[in-house]
Amino acid sequence: MPDGSHRTRTTYFFELWRAASAGILETAGTTFLLTIAVKYFAAGALSKAIVAGSGSLGLLVSPMVVSLVTSIGWPTSQAAARILAVGALSFFLAAAIPGLPAFVVCSVLAMATSAAVIPLLTHMYQDNYPEKERGRLFSRTVMIRIAMAAVFSKVAGDALDGRIEEYRWLLLVFGTALGFAGFCLSRCPTQPIPHDGGAHPFRAMRFVRDDALFRRTLICWMLMGFANLMMLPLRVEYLANPKYNQAVTVGTVALLTGVIPNVARLILSPLWGYLFDHMNFFALRVTLNIGFAIGILAFFTTNSRPGMIAGAIVYGISNAGGDVAWSLWVTKFAPPGRVADYMSVHTFLTGVRGVLAPVFAFHFASQLSLGILAAISSGLIVLATALLIPELKFGKKAPPASALVEEISE
């Protein structure tokens, strides 16, 4: 195994390159796969919900991935690279096989692989990045990923304007990006996850029972995250589906769901990183929740383009803080040596709500107006925020945290 400084330099070098491909892939989950499902295939509610929840499916199985990789004894980066290779192949198959069923199945599998490896990357970061440098090194790669997501949203959105039937070239780009991400990870030196003697893939769930503060925080996060993830795919639905009479192009969909939020996110990311290190964590979470609620209401209830733009900006600002909070919060509360276990519980529960939320969203969108759904979602976020108020006294006890890995924001 190379010495620590060599591991850090090598990992950081390849993570900088992987960040560019991660930005491209982020647009697949947030904008383009669902836009293709709506505008090209005119997919039904179930198909749209499955596509919208594809990344969350990967989070749902992440504890099993960690358990399997631990049992086999693969180095974490090598295991992640092999999993991403499966995802790349899935995108290529989606491009080669016409029809909605192949598109849905292959897209879901591809995006699930990119999310399922997150706890493995957590382990890689802890092994290879020194504690005092981890946040700085991580934040630089995040900035690249966000910038690439904004640029690619604009480029791909313009390219598909009036040519949605050519979507398959975009799937080839996504497959190539996923394959390149796997190559970058394969070059990072890592060790296998130490075996703790447990065999059950969900053994880490015991910490929900044993750690009361962790349990209460997860409950609040479940309410807020479910509400946010319920409305996230409906942004694309609201803009792309002719039934809502928005009459926007693919480029405009990409602008409002990808470009504008990511520009705001890019600008505000350094500020949220600073606040995370210096602010009471639960006060930070309350602030973010309020921002998400305002962004949802502005986007769906103003019935105007300026309102949508304002909602997109507020969402991007809140999402920048969500990047930090989602990725780092367990490092503030997990006991030494149990960060990966806490993270796997967090990613699993994110997967649960991420799979269920789109199903509920598209089901109720056929029966209720999106304005009413936005109000319900904001109400859930307000409830989650109220439940966090008693926890404010615990937020100051959490020590400064170092960055892990983030591909999801809530």
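The values are calculated or read from the model by the stated rules, or taken from the named source; none is laboratory data. Being a predicted model, the structure only gives us computed values, none of them experimental. Backbone-built Cβ (ideal geometry, glycine too); neighbour counts: all protein chains shown. These area figures cover heavy atoms from the full protein model, side chains too; ligands, DNA and RNA do not enter into them. Shrake-Rupley method; radii C 1.70, N 1.55, O 1.52, S 1.80 Å.
List of remarks:
- The relative contact order of region 38-133, computed from alpha carbon pairs under 8 Å that lie at least 6 residues apart in sequence, is 43 percent.
- Between the listed residues Pro192, Phe281, Ala247, the Cα displaced farthest toward the positive end of the dipole of region 187-305, a dipole computed from Cβ unit charges relative to the Cα centre, is found at Ala247.
- Å² of accessible area per residue within region 290-372, as computed with a 1.4 Å probe and no ligands counted: 33 Å²
- Total charge dipole magnitude, the chain, about the Cα centre, Cβ charges on Lys, Arg, Asp, Glu only, Debye to nearest 20: 380 debye
- Extending 7 Å from Cα along the Cβ direction at Glu133 and again at Leu100 yields two label points whose distance is 5.2 nm.
- Inter-label distance for Arg9 and Asp158, nm, one decimal - labels placed 7 Å from Cα along Cα-to-Cβ: 3.9 nm
- Met205 versus Ala42: modelled label distance in nm, points set 7 Å from Cα along the beta carbon direction: 4.2 nm
- The calculated 222 nm mean residue ellipticity attributable to helices in the chain amounts to -25500 deg cm²/dmol, summing -39500 (n - 2.57) over DSSP H runs of n ≥ 4 and dividing by all residues.
- Note on region 75-136 and region 199-243: Cα centroid distance 20 Å, given to the nearest whole angstrom.
- Cα gyration tensor shape for region 240-390, rounded if a/c is under 1.5, else prolate or oblate: prolate
- Gyration tensor (alpha-carbon) shape descriptor, region 67-157, a/c threshold 1.5: oblate
- Here the gap between Ser186 and Val248, fully extended at 0.36 nm per residue and compared with their Cα-Cα distance, gives a gain of 18.2 nm.
- Relative contact order for the chain: 28 percent, from Cα pairs under 8 Å spaced at least 6 residues apart, divided by residue count.
- Using a probe radius of 1.4 angstrom, the carbon and sulfur fraction of the accessible surface of the chain is 69%.
- Residue of Asn128, Asn289, Asn245 that the Gaussian network model of the chain assigns the largest fluctuation, springs spanning Cα pairs under 10 Å: Asn245
- A straight Cα-to-Cα reach below 22 Å connects Lys393 with the lysines Lys332, residues fewer than 8 places away in its own chain not being considered.
- All Cα-Cα separations within the chain were binned at 10 Å from zero, giving a P(r) of 5, 24, 35, 26, 9, 1, each value a whole percent of the pairs.
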